[in-house]
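For reference, the structure is listed below as structure tokens.
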Amino acid sequence: MQVDADFRPILGPQLVRLDPMRIKQLQDPLVYSSIDSLAKLSAHCLNLRAPLTTCEKLINSDNTLYLAWKFDEEQNVSRLLGFAKVGRKQLFLYDSQMQTYEGEILCLLDFYVHFSAQRQGVGKQLIDYLLAQEHAEPYQLALDNPSVTLLGFMSQKFGMSKPVWQNTNFVVFDELFQSFAAENGEKAPDGWNRPQTPRRIGAVSTDTRWLRNAVSGHQSKGNAMAAPVDADMTPQGALSNRAHQAKARKAHILSSKPLW
């Protein structure tokens, strides 16, 4: 995307990392509007009503923008080539064996290369620079609702050919779980155990494994002391539980008192 200005004194190198503080320090309306315009093109390609990325949102978040650009000395213009927005999110994940994981994952939230710069290695340079700055490997990226094009890009450029879709529309790669099993085996890292690590999913019980930077979460509102809870998973038990919940809701409505 062409901009009639010289961004070299403002942005510096052709691959630049813009965290919220750096974006706020730019203090250049033309740079802000140019990035926002590039993000609108990304939203248009994904048929979104509004862009996922704006400078205002970035300043008020913990996300980081990686921008590829260059200065055309012949025409004396700056060209924005593409960007990638990442952030760390606490995710609950399933692997292909339906085992559950919990951890803070580096997420690729928005990724776009301008049509004039596609198939020129810009996307690969962006992701390589991103991974180097974040000290991460390609399989450690979680993709937020990726397009078929992005999945093909990750497969072709990084060999990530086994995506595992999650209920939240995030996609992680099977190599993430394989690397964790190879490093830690079947045991959770020291200090990351918590009561009731096996959690019940539906009518079966699955094991909970852990990723790096895992944090504990509440088990249930009726289990504040982390004591084991035996659930009756039979059809009769489910019907009884529903009846009990209905009575509790009715009593709450009639008494106008909180249940907990």
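Filter the range 114-170 down to the residues that are under 29 Å from residue 2 (Cα atoms) and hydroxyl-bearing (Ser, Thr, Tyr), then identify the one that is modelled with the highest pLDDT.
129
Consider residue 76 carefully, then state whether it is surrounded by fewer than 13 Cβ atoms within 10 Å (Cβ to Cβ), assigned by TED's automatic domain parsing to the domain that holds residue 170 and within 25 Å of residue 166 (Cβ to Cβ).
no
Of the residues 70, 85, which single one is closer than 19 Å to residue 11 by Cα and in contact with an Asp or Glu (Cβ under 7 Å, 6 or more places away or on another chain)?
Residue meeting the stated conditions: 85.
Considering 112, 94, 101, which residue is buried (at least 22 other Cβ atoms within 10 Å of the Cβ) and either touching a residue at least 40 places away in the same chain (Cβ under 8 Å) or not acidic (Asp, Glu) (or both)?
Every option except 112 fails the conditions.
Does residue 156 satisfy the criteria of being in a helix (DSSP H, G or I) and free of Cβ contacts under 8 Å to residues at least 40 places away in the same chain?
Yes, satisfied.
Scan the range 57-109 for residues that are within 27 Å of residue 40 (Cα to Cα), β-branched (Val, Ile, Thr) and in contact with a strand residue (DSSP E or B) (Cβ under 7 Å, 6 or more places away or on another chain) and report the count.
The total comes to 4.
Check whether at least one residue in the range 86-94 is within 23 Å of residue 36 (Cα to Cα) and of a type in the set (Gly, Ala, Ser), and report yes or no.
Within the range 86-94, one or more residues are within 23 Å of residue 36 (Cα to Cα) and of a type in the set (Gly, Ala, Ser).
Could you list all residues from the range 1-40 that are assigned to a helix (DSSP H, G or I), touching a residue at least 24 places away in the same chain (Cβ under 8 Å) and under 16 Å from residue 112 (Cα atoms)?
34, 35, 37, 38, 39
Given the criterion of a type outside the set (Ser, Thr, Tyr), over 14 Å from residue 15 (Cβ atoms), free of Cβ contacts under 8 Å to residues at least 24 places away in the same chain and in contact with a Leu (Cβ under 7 Å, 6 or more places away or on another chain), identify the matching residue among 43, 50.
One residue alone meets the criteria, 43.
The values are calculated or read from the model by the stated rules, or taken from the named source; none is laboratory data. These numbers were taken from a predicted model, which means no experiment stands behind them. With ideal geometry, Cβ positions are generated from the backbone for all residues, glycine too; neighbour counts draw on all protein chains shown.
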